[in-house]
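The values are calculated or read from the model by the stated rules, or taken from the named source; none is laboratory data. Everything numeric here is computed off the predicted structure, so don't read it as measured data. Using ideal geometry, Cβ is built from the backbone for each residue, glycine included, and neighbour counts are taken over all protein chains shown. Calculation scope for accessible area: heavy atoms of the full protein, side chains included, ligands and nucleic acids excluded. Shrake-Rupley method; radii C 1.70, N 1.55, O 1.52, S 1.80 Å.
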Amino acid sequence: GFLSGSTDVAALYRAFLWRDGPAAALACSFRLLRSWRRVIETLRHGTGGAGKGAELLAMAVDPAARGRGAGTFLVEEFLSEIRRRRQNAAHVVVAGGNGTAVALYRRTGFEMVDRFELHAGTESLLMQWVSTNP
């Protein structure tokens, strides 16, 4: 499996746009033009300040390893890294219909704090984690 996160999503997006943006835009220009609304929605994400602390951006576990604790391990290691970086909060945005992910985040200490539509027509949940060990 893998997990990615960032302590500053806006800075991550800026770095990507400056370093890799032109090449990426050229390589997928037709898709960008066709999906421009989703591109703008995605670029706005991370600028509203709704979640506190670092953001867990993406996670995946190989289907053959599911149900064996790999997802829990990845999230717990992410939270350990957050603590090592002297941060006491993290958040994740997850699809409202993804019950497996929502249950995983709840088990690892995240609480649902908001419902919204990151992409039109799709419910998203903002889940927040705050360290109990300052």
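Structure summary
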{"item": "Mean ellipticity per residue at 222 nm, deg cm²/dmol - from DSSP H runs of n ≥ 4 across the chain, formula -39500 (n - 2.57)", "result": "-12500 deg cm²/dmol"}
{"item": "Zero-based 5 Å bins, Cα pair distances in the chain, whole percents", "result": "2, 9, 17, 20, 19, 16, 11, 5, 1, 0"}
{"item": "Modelled FRET efficiency - R0 22 Å, residue 25 with residue 119, Cβ distances, 0.05 increments", "result": "0.65"}
{"item": "With all protein chains modelled, accessible area of residue 29 [1.4 Å, Å²]", "result": "60 Å²"}
{"item": "Under-5 Å amide H pairs with residue 113, H placed in peptide plane, nonlocal only", "result": "126, 127, 128"}
{"item": "Inter-label distance, nm, simple model (7 Å from Cα along the C-beta direction), residue 50/residue 86", "result": "3.1 nm"}
{"item": "Accessible surface of residue 74 - all protein chains present, 1.4 Å probe, nearest 10 Å²", "result": "40 Å²"}
{"item": "The chain - charge dipole about Cα centre, Lys and Arg +1 at Cβ, Asp and Glu -1, debye rounded to 20", "result": "140 debye"}
{"item": "Accessible carbon and sulfur surface of the stretch 5-134 relative to its total accessible area, %, 1.4 Å", "result": "55 percent"}
